[in-house]
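The values are calculated or read from the model by the stated rules, or taken from the named source; none is laboratory data. The model shown is predicted, which means the values in this text are computed figures rather than measured ones. Ideal geometry is used to build each Cβ from the backbone, glycine not excepted, and the neighbour counts take in all protein chains shown.
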Amino acid sequence: MIAELKGVSKEYKTGDQTIVALQPTNVKINEGELVLIIGPSGSGKTTLLSLLGCVIYPSKGDLYVDGNHVNKMSEKKLAALRLNKIGFVFQSFNLLAPLNSLENVAIPLQLLGIKSSEVKKRAEAALKMVDMIDRAKNLPKQLSGGQQQRVAIARALVSNPKIILCDEPTASLDKGSLDGVMSELRSLARKGKAVAVVTHDPRLRIYADRILEVENGIVTEKKDILNHE
């Protein structure tokens with residue numbers, strides 16, 4: 001187990017109104033599995049992902065990530081936990097336009113203060129893992145959507161995190177690119193990573209080991225999934 005929510009809920013106050021984004025939730029995320037988090041817009045699935053990613057604190061309950069009690073961690077320690085243990089993959093890729101693929105992938109390692117020779121070696125290894133080493137010198141604008149997403153996955157992987165969190169990673173991809181990206185994520189889960197994917201795309205169900213459905217802030221686990229090895 002890499003992350004656990006014990007009775008965790010998230011509330012936001014706007015004036016005298018309280019909005020409950022996530023109802024009290026008990027969820028475990030394990031290494032070696034790909035978890036799909038599905039639900040309509042505004043259901044609370046992104047809130048759940050943000051809690052798992054240590055981007056926000058819970059309002060109630062206890063959140064643990066890699067053995068750390070997140071509720072009691074300072075912002076500085078939380079930032080270090082995100083940098084060292086969590087990889088993020090976003091729908092919009094978030095690649096920096098002036099930087100080539102290798103330079104984009106290298107950013108997390110540079111933030112960790114790793115020496116430049118080691119940075120280059122590890123960034124190249126991450127690009128090889130997603131079959132993008134031949135595009136190392138390409139700028140984002142010279143890559144297809146699927147290729148950009150693979151570079152984004154390499155960047156999430158480069159610091160060797162224990163958990164990879166993906167927010168709608170296939171929303172702008174065609175069928176061929178979708179299959180490539182999801183196969184890559186499932187392969188990472190098989191190699192021991194914990195992978196959680198937020199989506200509203202039913203095509204992704206076949207890649208999941210588990211499915212968590214979020215509706216009106218309530219999380220339930222779906223049992224009727226096809227698990228393809």
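Which numbered condition in (1) closer than 24 Å to residue 190 by Cβ; (2) of a type in the set (S, T, N, Q); (3) surrounded by 20 or more Cβ atoms within 10 Å (Cβ to Cβ) is the only one that residue 84 fails? Unmet condition: (3).
Checked against (1) in contact with a helix residue (DSSP H, G or I) (Cβ under 8 Å, 6 or more places away or on another chain); (2) farther than 25 Å from residue 20 by Cα; (3) in a helix (DSSP H, G or I), residue 78 passes all but a single condition, namely (2).
For region 53-70, the condition holds for no residue, the condition being that it is surrounded by 14 or more Cβ atoms within 10 Å (Cβ to Cβ), assigned to a helix (DSSP H, G or I) and not β-branched (Val, Ile, Thr). Out of 61, 44, one residue alone is modelled with pLDDT of 95 or more and at positive phi. It is 61. Scanning region 157-195 for residues that are basic (Lys, Arg) and more than 13 Å from the chain's Cα centre (by Cα), which turns out farthest from residue 124 (Cα to Cα)? Restricting to residues being basic (Lys, Arg) and more than 13 Å from the chain's Cα centre (by Cα), the top hit is 175.
Results for (1) at pLDDT below 90; (2) under 23 Å from residue 32 (Cα atoms); (3) outside any loop (DSSP other than H, G, I, E, B), shown as yes or no for each residue.
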{"site": "98", "(1), (2), (3)": "no, no, no"}
{"site": "110", "(1), (2), (3)": "no, no, yes"}
{"site": "125", "(1), (2), (3)": "no, yes, yes"}
{"site": "137", "(1), (2), (3)": "no, no, no"}
{"site": "151", "(1), (2), (3)": "no, yes, yes"}
{"site": "155", "(1), (2), (3)": "no, yes, yes"}
{"site": "161", "(1), (2), (3)": "no, yes, no"}
{"site": "165", "(1), (2), (3)": "no, yes, yes"}
{"site": "169", "(1), (2), (3)": "yes, yes, no"}
